[in-house]
Amino acid sequence: MTAVTAIRPDAALAESLFSVPSLRCAGCIAKVENGLATVEGIAAARVNFTAKRVRIAHDPALDQPRLAAEIERIGFAAEPISSEIARQEAGDSKRLIRAMAVAGFAMMNIMLLSVSVWSGAAGATRDLFHWLSAMIAIPTVAYAGWPFFTSAWTALRHGRTNMDVPISIGVVLATVMSLFETFVSGPHAYFDGAVSLLFFLLVGRVLDSVMRDRARDAVTALLRQTAKGALVLLADGASRWVDAVRIEPGMRMLVASGERLAADGVIEAGRSSFDLSLLTGESAPQPASVGTSVHAGTLNLGAPVTVRVTAAGPDTVIADIARMMDNAAQAKSRYVRIADRAARYYAPAVHTLAFLSFVGWMIAGAGWHQSLMIAVAVLIITCPCALGLAVPAAQIVAAGALGRAGILIKDGSALERLAEVDRALFDKTGTLTLGRPEVREPLAIPEAHWPIALALAQASRHPLAEALRRRLSAEGVTAAELEQIVEHPGEGVEGWFAGRRTWLGRDSAMEGLRDAIGTRLLIEGEEPVTIGFEDRLRSAVPETLERLRGLGIEASILSGDRACAVAPVAKGLGLSAQTSARPEDKLAAIGRYAGAGAKVLMVGDGLNDGPALAAGHVSMAPASASDVGQTAADAVFLGDSFAPVATAIVAARRTMRVVRQNFAIAVGYNVVAVPLAIVGLVTPLIAALAMSGSSLIVIANALRLRGAAR
Amino acid sequence: MNGLSILIPIALLLGLSSLAAFFWAMRTGQFEDLDGAALRILIEDTPEPEEPGRAR
């Protein structure tokens, strides 16, 4: 059911994609679709429940913040997703699934024909069946084999070899030889072998690709929109929403309380404080007034300010960090996956064996035709069917198990690298800690005043007020009824209770206490109360560190925060720490460890961790991390607990154990089957049985990983 | 042999048609929203017209 309302038919429609994580039921689908359909300028809205997304076709005049506001008005929080991400997703998996469908269809039909050949069809019938098989197999090999051929060709052109090289050679040679057999009315054709080989391998590829898509979907659904634009003041005093990419130096942005800056600039009017934690890792907010320079990506905590843009787009501090990340990520792209490492030894061995059996039989006087057929049998038998499935099957089962435990792994190679880790570096703010203020225990407010404090806290969206609200709501407090509640942005909230003035916010007594995060509750006629806040540790941090130690992984802190803020945490956890590290310092630290031969796991969340996350041998980020952090990390974990870090490593190591077992199974099967093939005893029937048998065993072994994340 | 010349084309045709059906389903996005499709049958196509003042 797509809700459609009339719109000017000639208008060119723009399309926007929103992530709506709170979609839970059929009613939500109807509410969003019907609700949006009544909005003027929206032509159609279609919910994708699986991906928790809404696709909206609308008048280009409606901008993304307007649309997001409309969805919020219906009652759902929405975040825009850039259309570029959406476009990327379509490609690879679909191409592979199509190839797999074709190979599956062809395999079934050829097998059907082959069964009658194996059961004794002879003469003209056998020739007819071989010809039919050839007609089905040749187009299939050309279509379904394409992903392997292109990959093998790329590898060969760069002077390397990978799994796809023996696969391609085996499949092509088997097809060509079988075609020749068919011409000369020979008894053995390997069309079924070649096609079912492609089918099994494509199953492996599809699994690998589906796993990557699923993790990417989950991560894009998490990505919150940091300022992708700003309200810009125009010359005539009006203001207009401008996309981040179109902001230019010299423009003046209005930055509301709770908004992230979209560009670097200097404050022209207003006083406020800024949360730099995503950019520098510093936990305490920094005060800013006229003349202070502020950076893109930081969060305005206080009053609205006007900022004159000094640098935008590629010139901002954020863009510098992005460039550093690109460079750092190149090192990681050189990682060779285990299947390809195996292929380095496997491919030459297989080709030598096949070649030697050909030469051997020639010398024995078998004639070139029979010798070649035996060589083809060796190639088909040794073709890494079980090897091709061994890695992806184990990895997708493990990634599924981890996903259910709230750990999203971006791809299979991340699991491989995670298993090798022997050194861990943690960022502090937002990684070891929650990265948001929590009320310091014990709560300083006397119980009698809780309802008043809650009523005041509810009136503001300041992070401290929200923390107080969470704390008091957890006690089951009901808010008192206050009159004339007014929020003074950046200062506090004022209200009247039974004729007495009440105030929650900063006051003169707190000036000069720059480092302390705190606020004051004043009630006329009562002693003022100072409420302390702190950035608390995630749950299960000490236990996780203990588990890591048990796994032989040494850990330390690598923080951008000042030493005085890091010291208590480091001391409490018994970790050594490097403090005040800028992004380039973090990169250098990782470089040092890597240079000493360590495989570093980097866990971080901020923009400032981006380069380090990209440079680490493997990296993880919490779901509360910045976009940059989540994009750069190999795995993202949900929730307030730190335990997933150890869980992921344990699961990754179990996965690699299963992968190695799978390799052993594949090799063991070769040890039995290859001598048979070399002696010339393998017929297409035996090849088909051996191939499907070993594949099934490998898949069954991989399924044991379903409980890996427990 | 005569039976074969009829049965084999039929078998191939059936297989091909299901392959074509699968391709069509992929192209038209039938697999895009599997969970949503299960829920959509619960949604009423048109909201019930409001008829105030009329007892049921």
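Observations, loosely collected:
- Under 5 Å from the amide H of A:Ser273 lie the amide H atoms of A:Ala288, A:Leu301, A:Gly302, A:Ala303, each residue being 5 or more positions distant or on a separate chain, with H modelled from the backbone and absent for Pro and chain starts.
- Neighbour-count order for B:Phe22, A:Phe148, fewest beta carbons within 10 angstrom listed first: B:Phe22, A:Phe148
- Mean partner shielding of peptide B:30-42, defined as the number of other chain Cβ atoms within 10 Å of each residue Cβ, is 5.
- Evaluating 6.51 cos²θ - 1.76 cosθ + 1.60 at θ = phi - 60° for every residue in the range A:135-150, the Karplus couplings come out as 5, 7, 6, 5, x, 5, 4, 5, 7, 6, x, 3, x, 6, 4, 5 Hz, glycine and proline recorded as x.
- Nearest-ten-degree value, helix A:26-37 long axis tilted from longest Cα axis of chain A: 70
- Just so you know, the Rg over Rh for the range A:437-536 is 0.92, from Cα atoms, with Rh as the Kirkwood radius.
- Quotient of Cα Rg and 2.2 N^0.38 Å for the range A:3-81, N being how many residues it contains: 0.99
- Compactness of the range A:628-710, expressed as Rg and Dmax over alpha-carbon positions, Å: 19.3, 62
- About its Cα centre, the protein assembly as shown has a charge dipole of approximately 2500 debye under the convention of +1 per Lys or Arg Cβ and -1 per Asp or Glu Cβ, with nothing else charged.
- Using the average count of surrounding beta-carbon atoms within 10 Å as a protection proxy, the listed peptides A:539-547, A:407-415 rank, highest first, as A:407-415, A:539-547.
- Put simply, when A:348-358, A:642-652 are sorted by average Cβ atoms within 10 angstrom per residue, most first, you get A:642-652, A:348-358.
- Here the Karplus curve 6.51 cos²θ - 1.76 cosθ + 1.60, taken at θ = phi - 60°, turns the phi angles of the range A:230-240 into couplings of 8, 7, 9, 7, 8, 4, 7, x, 6, 9, 8 Hz, with x standing for Gly and Pro.
- Angle in degrees between helix A:191-222 and the longest Cα principal axis of chain A, rounded to the nearest 10: 0
- Those trypsin sites (Lys or Arg not before Pro) in the range A:122-199 that DSSP places in a loop and that have at most 16 other beta carbons within 10 Å: A:Arg160
- Kirkwood analysis of the protein assembly as shown, using all unique Cα-Cα pairs, places the hydrodynamic radius at 30.3 Å.
- From least to most packed, judged by other beta carbons within 10 angstrom and beginning with the fewest, A:His449, A:His488 follow the order A:His488, A:His449.
- Amide proton proximity set for A:Gln578, modelled H, under 5 Å, gap of 5+: A:Ile557, A:Leu558, A:Ser559
- Residue ranges A:97-106, A:176-185 sort as A:97-106, A:176-185 when ordered by packing (mean number of other C-beta atoms within 10 Å per residue, highest first).
- Residue (of A:Ala284, A:Ala311, A:Leu379) at the positive-pole extreme of the protein assembly as shown, dipole from beta-carbon charges: A:Leu379
- For the segment A:693-702, counting C-beta atoms of other chains within 10 Å of every residue's C-beta and taking the mean gives 0.
- Note on the range A:230-352: Kirkwood radius taken over Cα pairs, Stokes-Einstein applied at 25 °C and 0.890 mPa s, translational D equal to 146 µm² s⁻¹.
- Computed from Cα positions, the angle between helix A:583-595 and the longest principal axis of chain A comes to roughly 40 degrees.
- Across peptide B:18-24, the average count of Cβ atoms from other chains found within 10 Å of a residue's Cβ is 3.
- In chain A, helical runs assigned H by DSSP with n ≥ 4 each contribute -39500 (n - 2.57); averaged across all residues and rounded to the nearest 500, the mean residue ellipticity at 222 nm is -16500 deg cm²/dmol.
- Shown for A:Glu481, A:Glu420: other C-beta atoms within 10 Å of each C-beta, ranked fewest to most, produce the order A:Glu481, A:Glu420.
- Rounded to the nearest Hz, the phi-derived 3J(HN,Hα) couplings of the range A:491-500 under the Karplus curve 6.51 cos²θ - 1.76 cosθ + 1.60 (θ = phi - 60°) are 10, x, 10, 10, x, 10, 10, 6, x, 10, where x marks glycine and proline.
Here, each number is a calculation from the coordinates, and none is a lab measurement. Keep in mind it's a predicted model, so treat the numbers as computed, not measured. We place every Cβ from the backbone using ideal geometry, glycine too, and count neighbours over all the protein chains shown.
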